[in-house]
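The values are calculated or read from the model by the stated rules, or taken from the named source; none is laboratory data. It should be emphasised that the depicted structure is a prediction, and the values quoted were computed from it without experimental measurement. Just the protein is used for accessible areas: all its heavy atoms, side chains included, with ligands, DNA and RNA removed. Shrake-Rupley method; radii C 1.70, N 1.55, O 1.52, S 1.80 Å.
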Amino acid sequence: TSQKVSRAYGDGVYYGSYTKTGEDQYNLEGFGTVVVNKGSGNNYSLTVTTNAGTETLSATKAEAGNVSSLTKSVCRGTWNFTRAGLKVWVNGKVVFDKTLPIDRIEELDPDYDGTGEYDTMIPKQLIVSEYGTYTVFYANYAPDTAMWRWKNESKGIFEYNWDWMWDDDDWCPMTISVSGNNLTTVEDDEYTEDGDTYLYRSTFYATLAK
């Protein structure tokens, strides 16, 4: 059996094509082989062989838990980002409001003037799994994976953590919604500086990949 997934490498994230070569044995194209060894309960070990040699790693199998219909909608495939928007309030007054195609995301910087170089990360795809991983693939950077959980599922409030730390202060909340094959995320960043209150609302739009 052969299965295809997106391909790239960076920051400890490996993804590519793999072939199942036997019971719990996999060949990862361009990387090496992995053998999954069952232990007791959810405990496993992974025997990883590459050109550098063989190493055995301890692992715990993630549990999906009780998967709701909303979770299934969010986690059903790869999402392609299409547009991004930014709305800014200062002391309750809108001072900036723009939505653009995802490849023009750098222009959402309120200080953008079309000159100079901008090092803006351009997200291209998103994969959310039922097992608590949230991976973003970028056009100009290596992919990155966070862990995620529902903060208030009934309100669509989803939170993620790039640092993989369980401290509540490390989680970033956002609202996520799905309508048909369209996904939208909304994230607020509010702070006060020199007596003024700023609210930045970032919105990303994506469609389900075919």
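Structure above, values below:
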read-out: Proximal lysines to Lys38, defined as alpha-carbon separation beneath 20 angstrom and excluding residues fewer than eight positions away on the same chain; value: Lys20, Lys61
read-out: Kirkwood Rh, Cα atoms: Rg over Rh of the stretch 110-210; value: 0.99
read-out: Within the accessible area of the chain (1.4 Å probe), percent carbon and sulfur; value: 46
read-out: Stokes-Einstein translational diffusion, the chain - Kirkwood Rh over all Cα pairs, 0.692 mPa s, 37 °C, in µm²/s; value: 166
read-out: The chain - percent relative contact order, Cα under 8 Å, separation 6 or more; value: 16
read-out: Reach of Lys124 by Cα under 17 Å, taken over lysines that are not fewer than 8 positions away in the same chain; value: Lys210
read-out: Helical contribution to [θ] at 222 nm, DSSP H n ≥ 4, -39,500 (n - 2.57), averaged over the chain, rounded to 500; value: -500 deg cm²/dmol
read-out: For the stretch 58-168, accessible area per residue (1.4 Å probe, heavy atoms of protein chains only), Å²; value: 59
